[in-house]
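Trainee: Quick one: structure below, then a few questions.
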Amino acid sequence: MRYIALILMPAVVLAALSAAHAAETVKMAVFPFELEDFSAGAGYVPPDDIDREQLRLSTEEARRLIAASGRYQLVDVSAVNDQAAKAGKLRDCEGCEARIAASLDADQSMVGIVTRITRMEYAVTYKLRDARSGAIVAVEQTDLRMGANVAWSRGARWLIENRLLERPK
């Protein structure tokens, strides 16, 4: 009997650790990155296919890094049927992304924003909110000077690696 207990003990400990880790994992709804254009041409030159592709790549990179960290479990946001989300305006909805995330059973929401200051200057920002209360958990930003929109995903990667994954949950 004692021999069986010694054999089973590592399995029991491993199962307990796995359950504890799963309980610590934060479920996060990462919404598509949005473009906020303050450049002089914003009123004349609308976002184009290149901008949309770079936003998609930025979102993809952020989600990949977040999922790979093991600290977070991504919640699928593809079926969200909210007007602000469809219009790419979650950054302006006063925290409605938290309500949407809560409806998806997420613990936190993330909105990524690429701010075009000029055609060569950008800032990449993310906002994390607690999905239940709507309170802001974190806002982080990085600037890209003399860059092009192909650098947006690099900015997103830097923020995730050096800000989100470096902070306590």
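The values are calculated or read from the model by the stated rules, or taken from the named source; none is laboratory data. Remember, predicted model here, so these are calculated numbers, not experimental data. Please note: Cβ atoms are built from the backbone with ideal geometry, for glycine as well, and neighbour counts cover all protein chains shown. SASA here: full protein model, heavy atoms, side chains in, ligands and nucleic acids out. Shrake-Rupley method; radii C 1.70, N 1.55, O 1.52, S 1.80 Å.
Trainee: Residues being open to solvent by less than 70 Å² (accessible area, probe 1.4 Å) and either without any contact (Cβ under 8 Å) to a residue 12 or more places away in the chain or within 13 Å of the chain's Cα centre (by Cα) (or both): count how many of those fall in the stretch 64-86.
Mentor: Qualifying residue count, the stretch 64-86: 9.
Trainee: Go through Gly43, Gly95 for me and flag whichever is open to solvent by 60 Å² or more (accessible area, probe 1.4 Å) and at pLDDT below 95. Please lay out each step first, then the result.
Mentor: Details: Gly95 fails: open to solvent by 60 Å² or more (accessible area, probe 1.4 Å).
One residue alone meets the criteria, Gly43.
Trainee: Separate question: Select from the stretch 25-74 the residues that are of a type in the set (D, E, K, R) and over 23 Å from Ser103 (Cβ atoms) and list them in ascending order. Step through it out loud before you land on a result.
Mentor: Step one: filter the stretch 25-74 for residues of a type in the set (D, E, K, R), giving 27, 34, 36-37, 48-49, 51-53, 56, 60-61, 63-64, 71.
Glu36, Asp37, Asp48, Asp49, Asp51, Arg52, Glu53, Arg56, Glu60, Glu61, Arg64 - these are the residues of the stretch 25-74 that are of a type in the set (D, E, K, R) and over 23 Å from Ser103 (Cβ atoms).
Trainee: Also: Could you run through the stretch 101-136 and say how many residues are open to solvent by less than 60 Å² (accessible area, probe 1.4 Å), under 27 Å from Phe38 (Cα atoms) and among the aliphatic types (A, V, I, L, M)?
Mentor: Qualifying residue count, the stretch 101-136: 8.
Trainee: Which members of the stretch 143-161 meet the condition of being out of contact with any Ser or Thr (no Cβ under 8 Å at 6 or more places or on another chain) and either open to solvent by less than 10 Å² (accessible area, probe 1.4 Å) or not basic (Lys, Arg) (or both)? Steps first, answer last, please.
Mentor: Here is the first cut: in the stretch 143-161, the ones out of contact with any Ser or Thr (no Cβ under 8 Å at 6 or more places or on another chain) are 143-151, 154, 157, 160-161.
Answer for the stretch 143-161, where residues must be out of contact with any Ser or Thr (no Cβ under 8 Å at 6 or more places or on another chain) and either open to solvent by less than 10 Å² (accessible area, probe 1.4 Å) or not basic (Lys, Arg) (or both): Asp143, Leu144, Met146, Gly147, Ala148, Asn149, Val150, Ala151, Ile160, Glu161.
Trainee: Still on this model: Collect the residues in the stretch 149-169 that are of a type in the set (A, V, I, L, M, F, W, C) and either in a helix (DSSP H, G or I) or out of contact with any helix residue (DSSP H, G or I) (no Cβ under 9 Å at 6 or more places or on another chain) (or both), keeping them in residue-number order.
Mentor: Taking the stretch 149-169 as the starting set, the residues that turn out to be of a type in the set (A, V, I, L, M, F, W, C) are 150-152, 156, 158-160, 164-165.
Matches in the stretch 149-169: Val150, Ala151, Trp152, Ala156, Trp158, Leu159, Ile160, Leu164.
Trainee: With the requirement that a residue be of a type in the set (D, E, K, R) and closer than 25 Å to Ala148 by Cβ, what does the stretch 58-79 give you?
Mentor: Glu60, Glu61, Arg63, Arg64
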